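Undergrad: Can you keep this structure in mind? I'll have questions shortly.
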Amino acid sequence: MRRVDDGSCRINDALRDSASAPDLPVRKSARRIARHGGWQKATATCIIATDDESFTYNARVNRLPPIQCHKMIIKAVKNGVSTKRIAAALDMPHAVVKGLLTLLDGVNDEAVDLLKDKNIAPKTIRLLRKVTGVRQIEMAELMVSANNFTAGYAEALILGTPKDQLLNPAEPKAKAGLSVEEIARMEREMESLERDFKAVESNYSENMMALTVSRGYIKKLLENAKVVRYLNANHQEFLTEFEAIAATEGL
């Protein structure tokens, strides 16, 4: 027998031949019992995959980003639905629903637009409130470019934010394990990294086009036997580099 955890209960998905076992045993779980209003049977009908495809519940779930969840809750509340009723319908703690209701308070609209379809943690969004609107946009752009939406990355960006871009400049920056000097050095290094990152990003497309065209031209040159013989006799170091470039599958 093979036990599978589908996120809400544990199912003993045992037999691949459903004809030999029409009723599959299911482990009891508090959530499943609550949904059924009590447990009266030792078995329950389940849908299983007969193919060896490593089928899981999570593989068939389209997760809703927190910002979209916030907008849906706002719309429901405007239509007269109470937050307690929403929490019951979504099987979520009431405190979580109330937190999502005010998730975007103090967050710049342009930053929200950049992150609206990203699976970003609510804690990360709340951290954006510590900086000004312009800095929020910059942080959102950096997170999207790096494809990193964790709270730890947001905290690092905030630590590297100049004081004049903090919402409360008078409040000292603090991080466990880091001294004031280390935080100041991190701020300088983060500013330099962001500047270099934006410079690379702005020239990336142009550079990639030039490299692609150059590689194609070099491959054409190496198809000419006379050119190869000349390079081999007079500029062997160039020939080695050209061959390495021509053999590259992707840039």
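Undergrad: What distance in nm separates the two pseudo spin-label positions at Ala246 and Met92, each 7 Å out from Cα along the beta-carbon direction?
TA: Distance between the two pseudo-spin positions: 5.9 nm.
Undergrad: Something else now. Assuming R0 = 45 Å, can you tell me the calculated FRET efficiency for the pair Lys163 and Lys219, based on Cβ-Cβ distance, to the nearest 0.05?
TA: Here the calculated transfer efficiency is 0.30.
Undergrad: Another question, if that's okay. Determine, for Met190, Met92, Met209, Met139, the number of other Cβ atoms within 10 Å of each Cβ, and report the residues in order from fewest to most.
TA: Fewest to most other Cβ atoms nearby, the residues stand as Met209, Met92, Met190, Met139.
Undergrad: Just list whichever of Lys75/Lys118; Lys71/Lys163; Lys71/Lys98; Lys75/Lys130 have alpha carbons separated by over 22 Å in the model shown.
TA: Lys71/Lys163; Lys75/Lys130
Undergrad: What's the ranking of 233-244, 125-136, 105-116 by average number of surrounding C-beta atoms within 10 Å, highest first?
TA: Output ranking for 233-244, 125-136, 105-116: 125-136, 105-116, 233-244.
Read-outs throughout are calculated quantities, based only on the coordinates presented, and are distinct from any laboratory measurement. These figures come from a predicted structure and were not determined experimentally. Note: ideal-geometry Cβ built from the backbone for every residue, glycine included; neighbour counts use all protein chains shown.
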